[in-house]
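Single-structure report; data block below.
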């Protein structure tokens, strides 16, 4: 079996963690035809934009991409590459599994939840303007279509993953129209899944409960902004952003990427931990239906993370990015 996949190396440590992940995938008994393209800050000088048209064309052809972190320059007028990709391909579901990993320093040992973030609207529509010189206004967009679609996705995911509960996160006590609509859509969709426990949680209370008792939660579904914030909070429960994978999924196109940033301060030093990128590729394999290979890579990764000799710099060791990937390949074999 072979797959055509767009490979976006990204900025900073992106090329290092993605190439390390590619090394592992290329050692598997399936073939990947990589279409390697450039996007991010590094593309501006060459193409005049952080998101060249050839990247869009490649993703349109292949329908699937593995992507490294990219840097969008601040204050230059360029729109976020990540937001643009999500809007261009209607990648309406942002999925971030958050799970405790043995061997990774954490204050918790039983976190295993999935954050499902609506990806296409909310304040991330970027509809804002100045009101005179002393005020600014941003418009929050919540629609019935997008809300029902993401909540249905969350419940379907819960069924597929054999999860028991879906929690709808909102601020409808204050934003009665926008979040009120999201909450009403959640209640409507929940009626179609009587086998799944449904509950609701105000976003500030959810923040507290995640820190106090994260083991009580399975699947959390929420509008865009809350998902952005809570997914980073949840990553902190299991060792940080370097341990959390991510996926942006639409009807027929999906992009998989580590949650962390481009970390330019350690770029090119072979110091980056590729765990999040590797786990993102595991998500990609499961999306492709290659469940056995996905399980094998995740199991090999978990074995490596337990071993002191393979600790990367962020975990107090000195194993390099490529050396870590080779250790995973060794466990695979």
| message | Please determine whether any residue of the range 269-285 is surrounded by fewer than 19 Cβ atoms within 10 Å (Cβ to Cβ) and farther than 15 Å from residue 12 by Cβ. | response | no
| said: Checking the conditions here, which among 33, 54, 60 is part of a strand (DSSP E or B) and out of contact with any helix residue (DSSP H, G or I) (no Cβ under 6 Å at 6 or more places or on another chain)? | reply: 33
| task | Please work out if residue 150 is touching a residue at least 60 places away in the same chain (Cβ under 8 Å) and more than 14 Å from residue 116 (Cα to Cα). | result | no
| query | From the set of residues in the range 30-53 that are closer than 15 Å to residue 81 by Cα and loosely packed, with under 15 Cβ neighbours inside 10 Å, which is modelled with the highest pLDDT? | reply | 53
| field | Pairs where the first residue, in the range 50-70, is in the same structural domain as residue 90 (by TED's automatic domain parsing) and free of Cβ contacts under 8 Å to residues at least 24 places away in the same chain and the second is crowded, with 17+ Cβ neighbours inside 10 Å and part of a loop (DSSP other than H, G, I, E, B), C-beta under 7 Å, 6+ apart | value | 52/38; 52/39
| Count of the range 1-29 residues which are assigned to a strand (DSSP E or B) and either closer than 18 Å to residue 324 by Cβ or at pLDDT 95 or above (or both) | 6
| query | Out of the range 303-325, which residues are in a helix (DSSP H, G or I) and surrounded by fewer than 18 Cβ atoms within 10 Å (Cβ to Cβ)? | reply | 303, 306, 308, 309, 313, 322, 323
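The rows are residues; the columns are (1) assigned to a helix (DSSP H, G or I); (2) over 19 Å from residue 152 (Cβ atoms); (3) out of contact with any helix residue (DSSP H, G or I) (no Cβ under 9 Å at 6 or more places or on another chain).
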{"residue": "186", "(1), (2), (3)": "yes, no, no"}
{"residue": "205", "(1), (2), (3)": "yes, yes, yes"}
{"residue": "211", "(1), (2), (3)": "yes, yes, no"}
{"residue": "228", "(1), (2), (3)": "yes, yes, no"}
{"residue": "234", "(1), (2), (3)": "yes, yes, no"}
{"residue": "242", "(1), (2), (3)": "yes, yes, no"}
{"residue": "248", "(1), (2), (3)": "no, no, no"}
| message | Which count do you get for residues in the range 118-138 that are farther than 18 Å from residue 172 by Cβ and either in contact with a strand residue (DSSP E or B) (Cβ under 7 Å, 6 or more places away or on another chain) or at pLDDT below 95 (or both)? | response | 13
| query | Considering only residues of the range 65-89 that are over 17 Å from residue 12 (Cβ atoms) and in contact with a helix residue (DSSP H, G or I) (Cβ under 7 Å, 6 or more places away or on another chain), which is surrounded by the most Cβ atoms within 10 Å (Cβ to Cβ)? | reply | 65
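The values are calculated or read from the model by the stated rules, or taken from the named source; none is laboratory data. In this text, all values refer to a predicted model and were calculated from it rather than measured experimentally. In this analysis, Cβ positions are derived from the backbone assuming ideal geometry, glycine residues included, and neighbour counts consider all displayed protein chains.
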